[in-house]
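The values are calculated or read from the model by the stated rules, or taken from the named source; none is laboratory data. It should be emphasised that the depicted structure is a prediction, and the values quoted were computed from it without experimental measurement. No Cβ is skipped: glycine too gets one built from the backbone with ideal geometry, and neighbour counts run over all protein chains shown. The accessibility values were calculated without ligands, DNA or RNA, using every heavy atom of the protein model including side chains. Shrake-Rupley method; radii C 1.70, N 1.55, O 1.52, S 1.80 Å.
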Amino acid sequence: MKRITLAILLLSLTAMIFNGDTLAQKKQTKPQQVAAASAAKPESKWAAEYGNVEGITAKQISEYLYFVASDEMEGRDTPSRGLDLTAKFIGLNLSKWGFKPAGTDGTFFQKIPLRRTQVLGEQSSAAVNGQSFKYGEDFYASPAAGEVAGQLVFVGHGLMVKAKNIDYYKGIDVKDKIMVVVDGAPAGVNFNDYRGKVGEDFHRPETYARAKGARGIIVIPSASTLSFWDQRVKSSLNPTRAMPDTGRPMNNVPTIIASEKMVNAILQGEKIDFETIRKQVSEGKLSESFDLSPSKTASFKVGSKVETMMTQNVVAIFEGGDPALKDEYVAIGAHYDHVGIGQADSKGDKIFNGADDDGSGTVAVLSIAEALSHGPRPKRSILFVWHCGEEKGLWGSEFVTENPPVPLKQIITQLNIDMIGRSKAAGDTKPANANLSGPNDIYVIGSKMMSTQLGELSESVNKGFLNLGFSYKYDDPNDRERFFYRSDHFNYAKKGIPIIFYFDGVHEDYHRQSDHPDKIDYAKMEKVTRTVFATMWKLANDPSRPKVDKPLPAQLAGF
Ligand SMILES: [Zn+2]
């Protein structure tokens, strides 16, 4: 089928919504197992206990997933057209099902401002003792705009690492000066050394400059930077990736990377030259810091432009029916973004469809919303949030928990679904699928961490319902995979809201172009999604809310 234009897509999107035909499915064969799983069902035996839990079907889920994870959604990067289209698709359904918008200006979309910066070479300049230098030829800049001038102080690699007894700032004062930093780090220093507290356990050049009032940084390049100079200059002129616009001034320290010619001008007449520095770096023993001659000054200006753009969470409320309890909320969510378009794989496929990650959660939550709107009303209200920017760093959940549509203290629990669509086939010995859960199993993370009651409720609902295999393998706060930190529930937990995270485990298509909807186990998804619905239903109707009786384990609370 030929690539469709946006207008045709929206037209057929509306057609799909109103008469149930699915676009993507015309393109791809309908998985037989889906049809089998959703054959007509006798009258529901669960309705009395769990409301319209059987309103959730594998057929429904698959139709939504084939759309959300179709190539046309272009991998739903944040921000992107595919993400916006997916948001519109979810919003259209929510309004059809009578949900209350909880986003910006009475819409379902909680607007999140993003900004990105771009260095402007033609508006950037540099000089040392009156000798001027040209952008690209003699220096390039990191994307922090600014104009600085002042004396120079050499600070070696510009690091302080308490654990390794490294401190290039001993005995020198960088205030109101420009720090000259040698790119790189002494042997043995790695990213683990930057995990503690800034200023206490470690300092990097930019953190020290900011803390101690240095005006700017000039970097003496490493050998690899010099050998890739042209590429580095070229990419320095690309816009940075968009970041949430916190409205706070970007207090990045203006920084330029000097060419050999400019380094020689800086070190002219000083007690060390570039050659010696390179030799010392290769021997891992860079000499101590010192002030350059006070008569020498440097100045540079980095010109840049800031571009702002918008993205959004999709936020909706299904109001509870009990006057006393409807002001309390069960929050349920997933991330509807993925990583977009990237390198082509061996099949030439560039689109990261993200069917499991997290298309599965996105449509599971959508199916829960649909079932809820076609059944009895729970006592408490349900807050639905489809988060954006999860892949970029939990942006959407950070934003919604910093700007909550309802008071955080009235959210009794958050249920997070991130990857529930894959199952390990019998006899699958692929190492990449070693930790993938089976067709009747799911990893449950965090349910017992903050509230004994919540852990027990989750267990008893499951035992009394579909009795899936709940694995708590990743519930260990010391687990090196650190899944507790790696999805949106984490931002709710940080706010003291008890959470349950449902996850199927990493597999061979995780963050690959091949994470496609035809690899999803829809029968499993139906079971897990129904189990989450039943848990939500129980939480929304129980007389009391789960008590938070355990603090987050220290390892988890530190971040
Ligand atoms: Zn994910």
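Observations on the model:
- Matching entry among D418, D441 (being within 23 Å of P477 (Cα to Cα), in the same structural domain as T86 (by TED's automatic domain parsing) and surrounded by fewer than 21 Cβ atoms within 10 Å (Cβ to Cβ)): D441
- N435 being within 16 Å of the ligand (Cβ to nearest atom), in the same structural domain as P101 (by TED's automatic domain parsing) and open to solvent by 50 Å² or more (accessible area, probe 1.4 Å): yes
- Of all the criteria given as (1) at pLDDT below 95; (2) in contact with a strand residue (DSSP E or B) (Cβ under 9 Å, 6 or more places away or on another chain), the one not satisfied by A141 is (1).
- Residues located in the range 270-328, provided they are charged (D, E, K, R), touching a helix residue (DSSP H, G or I) at 6+ places or on another chain (Cβ under 7 Å) and under 30 Å from F399 (Cα atoms): D327, E328
- Considering only residues in the range 477-499 that are more than 13 Å from the ligand (Cβ to nearest atom) and part of a helix (DSSP H, G or I), the one that is surrounded by the fewest Cβ atoms within 10 Å (Cβ to Cβ) turns out to be K494.
- Residues located in the range 66-99, provided they are open to solvent by less than 50 Å² (accessible area, probe 1.4 Å) and of a type in the set (G, A, S): A69, S70, G75, S80, G82, A87, G91
- The residues of the range 134-180 that are assigned to a strand (DSSP E or B) and either open to solvent by 70 Å² or more (accessible area, probe 1.4 Å) or more than 15 Å from P254 (Cβ to Cβ) (or both), listed by number, are E147, Q151, V153, F154, M160, V161, I166, D167.
- Which listed residue is open to solvent by 40 Å² or more (accessible area, probe 1.4 Å), closer than 30 Å to V406 by Cα and among the small types (G, A, S), from A48, A102: A48
- Listed conditions (1) within 20 Å of the chain's Cα centre (by Cα); (2) within 22 Å of D542 (Cβ to Cβ); (3) surrounded by fewer than 19 Cβ atoms within 10 Å (Cβ to Cβ) are all met by G342, apart from (2).
Yes/no matrix, rows are residues, columns are (1) in the same structural domain as H516 (by TED's automatic domain parsing); (2) away from the ligand (no atom under 15 Å from the Cβ); (3) farther than 18 Å from H489 by Cα:
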site: E390; (1), (2), (3): yes, no, no
site: T401; (1), (2), (3): yes, yes, no
site: Q410; (1), (2), (3): yes, yes, no
site: R422; (1), (2), (3): yes, no, yes
site: D428; (1), (2), (3): yes, yes, yes
site: D475; (1), (2), (3): yes, yes, no
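- Qualifying residue in the range 379-402 (condition: open to solvent by 10 Å² or more (accessible area, probe 1.4 Å), within 12 Å of the chain's Cα centre (by Cα) and free of Cβ contacts under 8 Å to residues at least 60 places away in the same chain): yes
- Looking only at the range 95-106, and only at residues there that are out of contact with any Lys or Arg (no Cβ under 9 Å at 6 or more places or on another chain) and not basic (K, R), the one that is nearest to K392 (Cα to Cα): A102
- Set V219, V189: member being among the aliphatic types (A, V, I, L, M), open to solvent by less than 70 Å² (accessible area, probe 1.4 Å), assigned to a loop (DSSP other than H, G, I, E, B) and touching a residue at least 24 places away in the same chain (Cβ under 8 Å): V189
- Residue within the range 524-537 that is without any contact (Cβ under 8 Å) to a residue 12 or more places away in the chain and either buried (at least 18 other Cβ atoms within 10 Å of the Cβ) or not polar (S, T, N, Q) (or both) present: no
- Test for P42: is it of a type outside the set (A, V, I, L, M, F, W, C), more than 30 Å from N238 (Cα to Cα) and modelled with pLDDT under 95: yes
- Any hit, the range 240-259, residues being in contact with a strand residue (DSSP E or B) (Cβ under 7 Å, 6 or more places away or on another chain), under 30 Å from C388 (Cα atoms) and surrounded by fewer than 15 Cβ atoms within 10 Å (Cβ to Cβ): yes
- Selection count where residues are open to solvent by 40 Å² or more (accessible area, probe 1.4 Å) and not acidic (D, E), scope the range 267-279: 6
- Verdict on L466 being in contact with a Ser or Thr (Cβ under 6 Å, 6 or more places away or on another chain), of a type in the set (A, V, I, L, M, F, W, C), farther than 16 Å from V330 by Cβ and surrounded by fewer than 24 Cβ atoms within 10 Å (Cβ to Cβ): yes
- Residue match in the range 118-127 (condition: closer than 23 Å to Q280 by Cα, open to solvent by less than 50 Å² (accessible area, probe 1.4 Å), outside the structural domain of I332 (by TED's automatic domain parsing) and not hydroxyl-bearing (S, T, Y)): no
- Across the range 352-378, the number of residues qualifying as open to solvent by 20 Å² or more (accessible area, probe 1.4 Å) and more than 16 Å from the ligand (Cβ to nearest atom) comes to 6.
- Any hit, the range 502-518, residues being among the β-branched types (V, I, T), more than 15 Å from the ligand (Cβ to nearest atom) and either in the same structural domain as I61 (by TED's automatic domain parsing) or under 18 Å from the mean Cα position of the chain (by Cα) (or both): no
- Flag if K326 is within 30 Å of Y140 (Cβ to Cβ) and among the charged types (D, E, K, R): no
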